[in-house]
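Here is the structure we will look at.
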Amino acid sequence: MGLLGLASLGVKKAAGGSEGVVLRCSHGRLFLPSWLQAGMALLFAGGCVFFPLCFTVLRWGLQNHASLQMEKQEAVLVASKLVSSVQAIMASTAGYIVSTSCKHIIDDQHWLSSAYTQFAVPYFIYDIYAMFLCHWHKHQVKGHGGDDGVARAPGSTWAIARGYLHKEFLMVLHHAAMVLVCFPLSVVWRQGKGDFFLGCMLMAEVSTPFVCLGKILIQYKQQHTLLHKVNGALMLLSFLCCRVLLFPYLYWAYGRHAGLPLLAVPLAIPAHVNLGAALLLAPQLYWFFLICRGACRLFWPRSRPPRPARPRTEAGDQDLLPTPTPVETGLWG
């Protein structure tokens, strides 16, 4: 979707044979055998196993390691952020390899673009569940669950789910769009073109480990530390460069390829490409605004009168009310 659509302009479907597919690149032709195609199909299943398994193993280790022995709520949060960081590092590495290997931004192809895309899609499904699990355990710690972890009041599970969707709506919508829209478009609509653009978009994950570290530091009340401030500055810089300025850069890259000035690119490409880019950029701008607001509070704090007590919901859980997004709370508490 979005800038990936630039890759499909005036492009014919790649030729294939019964025993494999020939990929074109600036260095010649690369033959992709049928057994490798079948292997790529297995990557989706591998991702379905890898991310939940990593989460389970990390959570168990954090709870049972002799020097850690975290509470369940802490272990769930830290494990989920570690898995997100692992995925971000893998995605950024794959994106860098793909984008630097594609000299021709339209025609060059790299096997890693399709392989990692299929492997990473299950992560977004897993992460929706992991975020809900964090929200659930936070609710239980508030004192609204029994000793066995089962909600006491009838209907409270639905209240927790509604609170989760209220709090994480934009993130859930983003993840759902990645699975239901961006993945099919990147696999089918691109027709094997524009791996350069896909690689650049994968590098948007560079900012994710800093967001995750910020959440962990806040969990342990470390907002006053130098590490938290340095991490906040790095998160702000990486988010600006890899998520916000990414889109103007991709327009510029296509303009350079087509011999067009930057401002002429939006007028030279189909409207649906511009619409897709705008839909992808909009949440990034919103999250960047929240990060900037958090940076102001972190580096230039000001004394404020104490807030009045927040009203409680019918379920008695303050956490079900609107709260800052994960990106926002990654910078301040």
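List of remarks:
- Summed over region 87-99, the residues that are in contact (Cβ under 8 Å) with a residue 12 or more places away in the chain and surrounded by fewer than 19 Cβ atoms within 10 Å (Cβ to Cβ) give a count of 4.
- Ala282 vs. criteria of a type in the set (Gly, Ala, Ser), over 23 Å from Ser99 (Cα atoms) and surrounded by fewer than 19 Cβ atoms within 10 Å (Cβ to Cβ): yes
- Of the helices (runs of 4 or more DSSP H) lying entirely inside region 258-333, those carrying at least 2 residues that are modelled with pLDDT of 60 or more and not aliphatic (A, V, I, L, M) are 271-299.
- Residue match in region 237-251 (condition: farther than 30 Å from Glu168 by Cβ, surrounded by 15 or more Cβ atoms within 10 Å (Cβ to Cβ), hydrophobic (A, V, I, L, M, F, W, C) and over 17 Å from the mean Cα position of the chain (by Cα)): no
- Residue count for region 89-129 under the criterion of being farther than 21 Å from Val181 by Cβ and not hydroxyl-bearing (Ser, Thr, Tyr): the result is 14.
- Region 183-201: number of residues that are without any contact (Cβ under 8 Å) to a residue 12 or more places away in the chain and either over 28 Å from Arg256 (Cβ atoms) or among the basic types (Lys, Arg) (or both): 1
- Tallying residues that are in a helix (DSSP H, G or I) and either in contact with a strand residue (DSSP E or B) (Cβ under 6 Å, 6 or more places away or on another chain) or not aliphatic (A, V, I, L, M) (or both) within region 49-101 yields 26.
- Of all residues in region 157-182, those that are of a type in the set (Asp, Glu) and buried (at least 19 other Cβ atoms within 10 Å of the Cβ) have Cβ atoms under 7 Å from Cβ atoms of residues that are part of a helix (DSSP H, G or I) and modelled with pLDDT of 90 or more, 6 or more apart or on another chain, in Glu168/Met131.
- Residue check for Ala45: under 30 Å from Leu77 (Cα atoms) and at pLDDT 60 or above: yes
- All conditions in (1) within 28 Å of Glu74 (Cα to Cα); (2) exposed (fewer than 15 other Cβ atoms within 10 Å of the Cβ); (3) touching a residue at least 12 places away in the same chain (Cβ under 8 Å); (4) not hydrophobic (A, V, I, L, M, F, W, C) hold for Thr225, with the sole exception of (3).
The values are calculated or read from the model by the stated rules, or taken from the named source; none is laboratory data. What you see is a predicted model; the values in this text were computed from it and never measured. With ideal geometry, Cβ positions are generated from the backbone for all residues, glycine too; neighbour counts draw on all protein chains shown.
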